[in-house]
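Novice: Sharing a structure, written as structure tokens. Questions coming.
The values are calculated or read from the model by the stated rules, or taken from the named source; none is laboratory data. Quantities reported herein were computed from a predicted structural model and do not represent experimental measurements. Cβ: placed from backbone, ideal geometry, glycine included. Neighbour counts: every protein chain shown. Ligands, DNA and RNA are stripped out before the accessible areas are found, and what is left, the full protein with its side chains, is counted by its heavy atoms. Shrake-Rupley method; radii C 1.70, N 1.55, O 1.52, S 1.80 Å.
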Amino acid sequence: MMMKRRKSIPFHIGLTIVMLLFLMMLISLFYTPYDPNMMQTNARLAKPSLEHLFGTDNFGRDILSRMMQGSQTAFLIGISSVSVGLFFGFLIGACAGYFGGWIDELCMRFIDALMAFPGILLAIMLITVFEPGIKNTILALGMMSVPTFARIIRSSFMQTKQFDYVKASKAKGAGSIHIIFKHILPNIVSPILVAATLSFSGTILAEAGLSYLGLGVQPPDPSWGRMLKEAQPYIATAPWYVIITGTMITLMVLGFNLLGDGIRDQQDKKS
Amino acid sequence: MIEVKNLYKYYHMPRKKFFSKETSIKAVNGVSFTLRKGETFGLVGESGSGKSTTGEIIVQLIKQTSGQVLYKGKDVSKFNALQLKVWRRKVQIVFQDPYASLNPKKTVQWILREPLIIHKIGNRREQDKRIIDMLHDVGLDESFLKRYPHELSGGQRQRVVIAAALILHPEFVVIDEGVSALDVSVQAQILNLLKALQKKYRLTYLFISHDLNVVQYFCDRIAVMYLGEIVEMGTVSDLDEPKHPYTKALFSSIPTRDVNTSETVLSGEVPSASAIPEGCPFHTRCPFVQERCKHEKPVKHELTTEHTVRCHLYD
């Protein structure tokens with residue numbers, strides 16, 4: 001049972017991209033080159049230059065600044081909706097996997113019902129019923145990822161609860177809460193971590209999609225998805241706007257996907 | 001001290017077709033025996049004979065279908081949560097595979113402290129002392145406290161498992177194939193350790209195994225199980241002259257240095273526990289099968305007060 005600490009190349013690339021984007025987000029909290037919402041009517045759709053590294057948009061706002069500000073939204077929505085999804089997914093998956101029987105049946109049919117709708121449709125429905133905004137976007141995207149988490153956590157629970165150390169702990173008088181949090185959870189962290197990382201990129205993509213449709217983050221808060229939509233009419237006159245925004249989204253998704261795959265590979269190697 | 005009375009455990013199988021008859025697996029089929037204080041009682045049988053299920057019912061990891069497990073005259077399956085917790089302090093189980101019985105993410109110290117935390121015994125310093133004492137008892141020392149299971153050998157792991165089971169000072173320990181996964185040399189060490197601990201803590205063992213050599217060496221009394229039933233029970237010396245045809249075959253299969261001993265070889269396979277033959281469950285493989293064996297279930301015959309056998313040959 002020798003553990004090799006060698007990580008794959010995709011893992012390192014993913015980690016680097018994610019760290020760079022995260023760094024950009026951190027910097028934007030304190031400093032952006034311009035005020036992201038400041039309009040300079042004399043410099044609309046300016047080409048990338050030393051003054052405006054990524055150029056300006058149709059209102060003359062600095063794209064780099066908005067991009068940095070937008071990364072806050074992306075991380076905020078990514079982290080919060082993954083947490084929401086993880087919380088409910090864990091609740092449902094853990095109950096189903098640990099107790100089994102009719103509880104399992106009930107939880108899984110509920111998950112089946114959730115899965116019957118395409119995730120993004122479900123999110124659109126939730127947002128139209130309530131109202132667009134960051135909070136509802138987070139909830140809707142969180143709900144979207146609940147089935148994935150619930151299923152992964154359920155199967156990990158079912159697998160782990162059969163081990164003799166769980167049985168032995170039960171024979172020593174341990175209660176369900178003790179067994180779930182001290183014995184099962186520490187042993188299923190890595191599959192959960194992989195699922196969370198992969199779901200993070202899915203969430204960011206979905207948020208971009210929602211914002212593109214005008215259902216996600218509302219103006220004036222910058223969001224990459226909405227920037228892409230705003231850039232669309234100027235695809236011929238100011239192609240850099242679309243290209244830069246699209247590249248940012250792609251990088252974010254790619255980074256988290258590589259990271260998730262890397263963690264999974266490493267986990268496979270160990271077992 | 002512990003009396004097992006007419007224990008049955010059936011597992012219902014899902015129906016294959018909606019109208020088909022419901023099948024069930026009869027894992028334990030009317031098992032009765034008594035464990036006396038301080039003895040080592042061996043339960044032997046092939047895999048699938050229901051010996052492990054019997055052990056897990058006694059510690060109440062699974063519930064029986066019917067029958068009783070009596071401790072001082074009280075049925076443990078009717079205990080409420082609080083009584084059950086007290087019962088769990090008195091009885092412990094050691095599993096076969098020392099690689100699966102320890103949580104890979106926890107240190108030895110955590111594993112040994114866990115039972116004390118569950119039962120709220122002592123403060124941290126008292127717990128620490130008890131943990132170290134226990135480690136010494138099983139032949140390990142303080143240097144193991146911070147180690148993880150993957151840093152230990154099989155024998156060391158099994159010592160930790162035993163320490164974790166004994167740290168609550170139980171009266172009674174079920175050892176479910178406790179040494180089967182270990183090398184022969186390590187087996188002997190662990191068996192000697194168990195003997196020493198039995199003396200020190202005045203423990204009663206229920207020793208479940210398929211290894212007849214180990215059982216003969218280690219146990220005071222032996223019960224032989226076949227398809228969920230005890231076919232023969234007696235002291236180790238009683239079973240030197242086995243009476244039941246199954247026991248005879250089983251014991252003649254032990255390799256000896258004497259080349260002249262004849263070995264009774266059984267034909268066929270053990271029938272499935274979901275389709276136990278009518279009459280005597282052993283009649284499909286018995287070399288002395290009679291017509292009545294196929295219809296009539298043999299009753300328990302007491303050859304001596306200790307030695308009982310379930311076979312028509314002794315009617």
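Novice: Take the protein assembly as shown, compute every pairwise Cα distance, and split them into 20 Å bins from 0; I just need the percent in each bin.
Specialist: For the protein assembly as shown, the pair-distance distribution reads 17, 37, 26, 15, 5, 0.
Novice: Using a Förster distance of 30 angstrom, determine the FRET efficiency expected from the C-beta separation of B:ASN213 and B:ARG147, and round it to 0.05.
Specialist: Working: r = 32 Å, r/R0 = 1.07.
Plugging the Cβ-Cβ distance into 1/(1 + (r/R0)^6) gives 0.40.
Novice: Mean projection of the alpha-carbon convex hull of segment A:90-190 over all orientations, in nm²? Can you show the working numbers first?
Specialist: Numbers: hull surface 29.6 nm².
The orientation-averaged projected area of the Cα hull of segment A:90-190 comes to 7.4 nm².
Novice: Going out from 0 in 10 Å bins, what whole percent of all Cα-Cα distances in segment A:229-271 drops into each bin?
Specialist: Taking all Cα pairs of segment A:229-271, the binned fractions are 27, 28, 20, 15, 9, 1 percent.
Novice: Also, quick follow-up: Ignoring ligands, DNA and RNA, what accessible area per residue does chain B give at 1.4 Å, in Å²? Spell out each step's value before the answer.
Specialist: Values: 15160 Å² over 315 residues.
Counting only protein heavy atoms, the per-residue value for chain B is 48 Å².
Novice: Which whole-angstrom value gives the distance between the alpha carbon centres of segment B:3-61 and segment A:208-271?
Specialist: The two parts, judged by their Cα centres, are 59 Å apart.
Novice: Suppose the Debye formula is applied to equal point scatterers at every Cα of segment B:16-95; what is log10 I(q)/I(0) at q = 0.17, 0.18 Å⁻¹?
Specialist: Per q value, in the given order, log10 I(q)/I(0) is -0.79, -0.86.
Novice: Moving on to the next point. What nm distance separates the two modelled labels at B:ILE117 and B:ILE62, each placed 7 Å from Cα along Cα→Cβ?
Specialist: So the two model labels end up 3.0 nm from each other.
Novice: Okay, next question. I need the calculated FRET efficiency for the pair B:SER252 and B:ASP315, taking r as the beta carbon distance and R₀ as 25 Å, to the nearest 0.05. Show your work: numbers first, answer last.
Specialist: Numbers: r = 24 Å, r/R0 = 0.94.
FRET efficiency, B:SER252 to B:ASP315: 0.60.
Novice: Let me ask something additional. More than 14 Å apart: what percent of Cα pairs in segment B:70-112 qualify? Don't skip to the answer; put the middle values down first.
Specialist: Values: 569 of 903 pairs.
That tail contains 63 percent of the Cα-Cα pairs.
Novice: For chain A, what relative contact order do you get, as a whole percent, if you take Cα pairs closer than 8 Å and at least 6 residues apart? Walk me through the intermediate numbers first.
Specialist: On the way: 403 pairs, mean separation 74.5, N = 271.
About 27 percent, as a whole number.
Novice: Right, next: Quick one: Cα centre-to-centre distance for segment B:95-152 and segment A:114-186, in angstrom?
Specialist: Measuring centre to centre over Cα atoms gives 31 Å.
Novice: Run the 1.4 Å probe and let me know the accessible area of B:ARG113, rounded to the nearest 10 Å².
Specialist: 20 Å²
Novice: Additional query: Normalised by the residues of segment B:2-314, what does the relative contact order come to in percent, with Cα pairs under 8 Å and at least six apart?
Specialist: Working: 551 pairs, mean separation 65.4, N = 313.
Computed value for segment B:2-314: 21 percent relative contact order.
Novice: Of the accessible area of segment B:2-314, with the probe set at 1.4 angstrom, what percent is carbon plus sulfur? Mind dumping the intermediate values first?
Specialist: On the way: 7810 of 15000 Å².
Its accessible area is 52 percent carbon and sulfur atoms.
Novice: So for B:TRP110, B:TRP87, what's the accessible-area order with a 1.4 Å probe, most first?
Specialist: On the way: B:TRP110 65, B:TRP87 5 Å².
Sorted by accessible area, descending: B:TRP110, B:TRP87.
Novice: Over segment B:2-314, what per residue volume does the convex hull of the Cα atoms give, in whole Å³? Spell out each step's value before the answer.
Specialist: Numbers: hull volume 51.2 nm³, N = 313.
Convex hull of Cα atoms, per residue: 164 Å³.
Novice: For A:LYS47 and A:PHE130, what does the FRET efficiency come to when R0 = 56 Å and r is the distance between their Cβ atoms, rounded to the nearest 0.05?
Specialist: Values: r = 41 Å, r/R0 = 0.73.
Here the calculated transfer efficiency is 0.85.
Novice: Mind checking the log10 I(q)/I(0) for segment B:140-291 at q = 0.10, 0.12, 0.17, 0.20 Å⁻¹? Debye, one equal scatterer per Cα, no solvent, two decimals.
Specialist: -0.49, -0.67, -1.07, -1.28
Novice: List the residues of segment B:99-116 that lose 50 Å² or more of accessible area once all protein chains are present, compared with their chain alone (1.4 Å probe, heavy atoms only, no ligands or nucleic acids).
Specialist: At a threshold of 50 Å² (probe 1.4 Å), the residues of segment B:99-116 that become less exposed are B:ALA100, B:ASN103, B:LYS105, B:GLU114.
Novice: To check my understanding: the extent here is largest minus smallest coordinate of the Cα atoms along each principal axis. What are those three numbers for segment B:157-219, in Å, largest first?
Specialist: Rounded to whole Å, the extents work out to 28, 23, 17 Å.
Novice: Along each of the three principal axes of the Cα atoms of segment A:3-119, give the extent in whole Å, ordering the values from largest to smallest.
Specialist: Computed over segment A:3-119, the largest-to-smallest principal extents equal 68, 41, 25 Å.
Novice: Now, a different point. Kindly provide the helix-only [θ] at 222 nm of chain B, computed as the sum of -39,500 (n - 2.57) over DSSP H runs of four or more divided by all residues, to the nearest 500 deg cm²/dmol?
Specialist: Details: 8 runs with 89 residues, N = 315.
For chain B, the value works out to -8500 deg cm²/dmol.
Novice: Averaged over peptide A:168-180, how many Cβ atoms belonging to another chain are found within 10 Å of each residue's Cβ?
Specialist: Numbers: counts 16, 7, 5, 13, 17, 11, 7, 3, 0, 0, 3, 0, 0.
The mean count of partner-chain Cβ atoms within 10 Å per residue comes to 6.
Novice: Buried accessible area between B and A (1.4 Å probe, both chains summed, ligands and nucleic acids excluded), in Å² to the nearest 100? Don't skip to the answer; put the middle values down first.
Specialist: Numbers: alone 16010 and 14360 Å², together 28610 Å².
Heavy-atom accessible area buried at this interface is about 1800 Å².
Novice: Mind computing the radius of gyration and Dmax over the alpha-carbon atoms of chain A? Å is fine for both.
Specialist: Reported Rg and Dmax, both Å: 21.8, 77.
Novice: Would you check the accessible area of A:LEU205, probe 1.4 Å, heavy atoms only, in square angstrom rounded to 10?
Specialist: It works out to around 90 Å².
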